[in-house]
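Novice: Provided herewith is a single structure, encoded as C-alpha cells, for subsequent inquiry.
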Amino acid sequence: MCDELAANRQNRIDQPDLSIWDISDFSNPELVARFTDPSARIHNLYIIDDYAYVSYYAAGFRVFDVSEVTNIVLVDEFDTSPSISGRAIFGGAFGVYPFAPSGNIYVSDTENGLFIFAF
C-alpha cells in the first residue's frame, strides 16, 4: 500500500510511503517491509508480477522489485520534474499507467506533461 500523506508526519521513520503487509491473519496484520523517501510524496502504485510501478510527486517515476515481500528494492527511477525535486509538495509525477498492451509505461507530470517509458 502507499500513504500519500506520510510526508506530513513528523516521525518519517514510522510512516513509510510504501509498505507491504501480511494479511493472512485478518485479525493480526503484520508489516513486513517498508520504503520511505522523506523528500517526496508517493501518489499512485500498481503492482504487476514482481514489480511495483510508482509515481512520486517531486521525485518522478520509480520501479521497485517486490519479489521478496520482506525486502522492497528500488531498481529504476526517473525524475520527471527535477526543478521541484527534494520538496515534499503536490507537483510533478501525478500518475503512472503500466498496463498498455505495447508494454509502454505512461507517466503524467503536472510540470512537464507526458512521459513514456519501457522497463
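Novice: For the range 73-99, how many residues are open to solvent by 20 Å² or more (accessible area, probe 1.4 Å) and more than 12 Å from Arg41 (Cα to Cα)?
Specialist: So the count comes out to 11.
Novice: Can you report the number of residues in the range 23-58 which are under 20 Å from Asn104 (Cα atoms) and either among the small types (Gly, Ala, Ser) or part of a loop (DSSP other than H, G, I, E, B) (or both)? Give the steps one after another, and end with the answer.
Specialist: Narrowing the range 23-58 to residues under 20 Å from Asn104 (Cα atoms): 43-56.
Next, from what is left, pick out any that are either among the small types (Gly, Ala, Ser) or part of a loop (DSSP other than H, G, I, E, B) (or both): 49-50, 52, 55.
Number of matching residues: 4.
Novice: Here is a further query. Please go through the range 1-21 and pick out each residue that is of a type in the set (S, T, N, Q), modelled with pLDDT under 65 and either part of a loop (DSSP other than H, G, I, E, B) or surrounded by 17 or more Cβ atoms within 10 Å (Cβ to Cβ) (or both).
Specialist: Keep residues of the range 1-21 that are of a type in the set (S, T, N, Q), which gives 8, 10-11, 15, 19.
Of the ones still in play, those that are also modelled with pLDDT under 65 are 8, 10-11.
Answer for the range 1-21, where residues must be of a type in the set (S, T, N, Q), modelled with pLDDT under 65 and either part of a loop (DSSP other than H, G, I, E, B) or surrounded by 17 or more Cβ atoms within 10 Å (Cβ to Cβ) (or both): Gln10, Asn11.
Novice: If I go through the range 63-72 residue by residue, how many of them are open to solvent by 20 Å² or more (accessible area, probe 1.4 Å) and in a strand (DSSP E or B)?
Specialist: The qualifying residues number 1.
Novice: Could you tell me which residue of the range 37-50 is surrounded by the most Cβ atoms within 10 Å (Cβ to Cβ), considering only residues that are at pLDDT 85 or above and under 11 Å from the mean Cα position of the chain (by Cα)?
Specialist: Step by step, filter the range 37-50, then rank; the result is Ile42.
Novice: Would you pick out the residues in the range 93-119 that are part of a strand (DSSP E or B), over 13 Å from the mean Cα position of the chain (by Cα) and small (Gly, Ala, Ser)?
Specialist: Passing the criteria: Ser108, Gly113.
Novice: Can I ask one more? Phe119 passes all but one of (1) under 24 Å from Ala33 (Cα atoms); (2) of a type outside the set (S, T, N, Q); (3) open to solvent by less than 90 Å² (accessible area, probe 1.4 Å); which number fails?
Specialist: All conditions pass for Phe119, except number (3).
The values are calculated or read from the model by the stated rules, or taken from the named source; none is laboratory data. Predicted model only: the values in this text are computed from it and were never measured. Every residue, glycine as well, gets a Cβ built from its backbone with ideal geometry; the counts of neighbours run over all protein chains shown. The area values use the complete protein model at the heavy-atom level, side chains included, leaving out ligands, DNA and RNA. Shrake-Rupley method; radii C 1.70, N 1.55, O 1.52, S 1.80 Å.
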